[in-house]
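Here the structure comes first, spelled out in structure tokens, and everything after it is commentary.
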Amino acid sequence: MRGRLLAAVASAALALTGAAAPAPGGYTAQLDHSYANVAIHGPVHAGAQSFVPEDGELHTVAAWLVSRATSGQVTASVRTDATDAGTEVAAAQVELAGTGRGWLELDLGGVPVTPGEEYALVLQATGTDGAVEWWGSRSAAPGTPPSWNYDRDHWGGWVQQGAGAAARYAGWDLAFYVDDAHGGCAAVNSCWRHLGGEQLNVQPAGILGTPGDPYALSAFETAGARFVPGSSVLELAEGSWLYLPEGADAPVVVPAGHPDARAQVEESRAWLASGDVPGRTDREREMAERALLDMRLLLQDNGAVAAAWHTIWRYSWPRDSAFTAVAFARAGFTEEALRILRYNASTQRPDGTWEARTLLDGSGPPDARGWQLDANGWVPWATWQYLQTASAADRDAALAELYPTVQAAADYAAGSLDENGIPPARPDYWESDYPAPNLGTAAPLLAGLRSAAAIAELAGQEEDAARWFVAADRLQRGIDLSFGAIGYQRTVVRGSGKDSAVTWLVPPFNPATPAVRAELDTTWHALVQDTGGVQPGERWGDDMTWTPETMFFALAWAADGQDTKAERVVEWMDAHRTEVGAYPEKVGPDGNPAAVSTLGWTASLTVLALDALEGAVATPPAGTSHVVTDDDGAGTDPRSAAPAASGVPGAVAVPWLLVLALGTGAVVVLTRRRRRGRVRR
């Protein structure tokens, strides 16, 4: 196309989702493609977008389409009246070649048009066996020429969006460009391409960018691509590189080895080399690298961590970010871990609790979603885990800085326990209200109280340590007598079903017991889907498999020395990543990635599971006495006549005066294995 190469260079940094303002006397592009606005599969559907050319010849028209059909063609007709085929001045047709999405360009060959006059680009797909959609915007600028929808069954023919029967669709317009108004889709890797149907349900399909500045990649952008090893620069199918320049809103396509893109690759590799990335094989190490690099993109300068880089996931959850902090710390990236902990400290509420999630700038919650008490367990646990990995100097400084946060969180958690030692009913990771206390809150608080007590001992705060260990024992007994008595179900109410939160009652959260260890297998079999992964609980309401919950089990089994089981789940996770290796939140019943990728929580759990497969895993101590795991995993606690925190109702504990007399030399519970050497490239 004329001027295409020059225009491509000029528009290389143009954001795909930024609508183009009409030039004086012309309207030649509307680039926003956020919504599926109209169906165009014939014979009963079509769409049209008005435009105003600036030049006397029309060479190219393009539209953003999503095809769910495995066959068919798209015909473009340029008319002076959208509703009258007799006014056609040019037409072109292309094969869809199956399911796919992107900017579909059609060559009109330079047909004469009148500059400043209004025309309509009409699109219809024929020979299809599924839906074909024309995506666009729903907030058109004032004065934008209209779009049209043809739906014979619904409207009886053509309607103008925003007028008459379609008045409520005011502001809807369709994504298009003509000639070089966009510079060509190749410049930003956005041309329409065939995608297997398995790739259409994940958005984004991965992220690239620089630390704290991710760009969400759609499935069509990642088709046939792979990341340059050890980096967040994408190598496209034809060999070019796609990268996000510093300060840019959208990535650009450059030749492989481009100096600026190469500099990003080398910086990422140097960062990875500065840590201790887990992985016993090349494949495992690649999984860990991708997870860590994506987590680094999601981590903001202020320590907030976006759950994922897409719409309602672009908030920081204390729970998700706590896992991210631990994964960074365990992989040797303690600066990133500490930054997250500081952010969580800064967003703690005056009463010692946290909102369910916050805006990334830390200014507060995005809505009135109910706050979640589980953060009072996750934040102290993450802090304790960080302290196990930090240097002596960093540990002492962090201990002084973060102790008030831990103290407030633990005091609230301890004070929340009722007369049975159980915390109140609060939303947990299911993020729904429940009328009864749930395991998804109780288990994290148990880990958090033990972590806080161990931190207090490090800080020389013996009274705090004793108080929180007492509270942890009360909570442990409460869990044993309530959840344990009914098979560790979701809530204290029998019949609420198995729940994956049972994995938080074993390392690296709490010492394992025979009862809970057996329950891991029982719960897995109750929750596993045909896909090979699990749902959050038996009473979950959809047919999706959830990757964080699946990886809970990988981490639990790996930390408990059950390598074979853990390895199977890690292999499952590897097989269900997106084409570029990103970690999806869900897997559909068809076995394909779904929802958003990368989900930071799943990425962090993968890093932790791989780390646990390599060797010793730190678990907060059960109390002030020495608890050492035997080869079979059963622990012995001198304070009890039964195995440590045995889960057996009625276990008799030694009086607390005797416990305190034993001293406060808390130790870390370790698995029986030593850390093995890691594969280095």
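The values are calculated or read from the model by the stated rules, or taken from the named source; none is laboratory data. Please read all numbers here as calculations on a predicted model, not as lab measurements. Virtual Cβ from ideal backbone geometry, glycine too; neighbours counted across all protein chains shown.
A few comments on the model shown:
- Unique residue being at pLDDT below 95, farther than 20 Å from Arg296 by Cβ and touching a helix residue (DSSP H, G or I) at 6+ places or on another chain (Cβ under 6 Å) when the list is Gln199, Gln203: Gln199
- Cβ-Cβ under 7 Å pairs, at least 6 apart or on other chains, the stretch 428-451 side among the hydrophobic types (A, V, I, L, M, F, W, C), far side in a strand (DSSP E or B): Ala436/Thr491; Leu439/Asp499
- The set of residues in the stretch 252-311 being farther than 27 Å from Ala390 by Cα and in a strand (DSSP E or B) consists of Val252, Val253, Val254.
- Filter result (modelled with pLDDT of 90 or more and surrounded by fewer than 23 Cβ atoms within 10 Å (Cβ to Cβ)) within the stretch 595-617: Ala595, Glu614
- Residues of the stretch 78-106 that are assigned to a loop (DSSP other than H, G, I, E, B) and at pLDDT below 90: Leu96, Ala97, Gly98, Thr99.
- Residues in the stretch 526-555 that are touching a Leu at 6+ places or on another chain (Cβ under 6 Å) and among the aliphatic types (A, V, I, L, M) were compared, and the one that is surrounded by the fewest Cβ atoms within 10 Å (Cβ to Cβ) is Val534.
- Subset of the stretch 230-262 that is hydroxyl-bearing (Ser, Thr, Tyr) and under 26 Å from Ala288 (Cβ atoms) - its residue that is surrounded by the fewest Cβ atoms within 10 Å (Cβ to Cβ): Ser231
- Gly130, sole failed condition from (1) surrounded by fewer than 20 Cβ atoms within 10 Å (Cβ to Cβ); (2) touching a His at 6+ places or on another chain (Cβ under 9 Å); (3) modelled with pLDDT of 95 or more; (4) not aliphatic (A, V, I, L, M): (3)
- Breaking point among (1) under 23 Å from the mean Cα position of the chain (by Cα); (2) farther than 30 Å from Glu54 by Cα; (3) surrounded by fewer than 22 Cβ atoms within 10 Å (Cβ to Cβ), for Tyr215: (3)
- Just one residue in the set Ala382, Ala375, Ala398 is at pLDDT 95 or above, of a type outside the set (D, E, K, R), out of contact with any Asp or Glu (no Cβ under 9 Å at 6 or more places or on another chain) and within 21 Å of Pro511 (Cα to Cα); that residue is Ala382.
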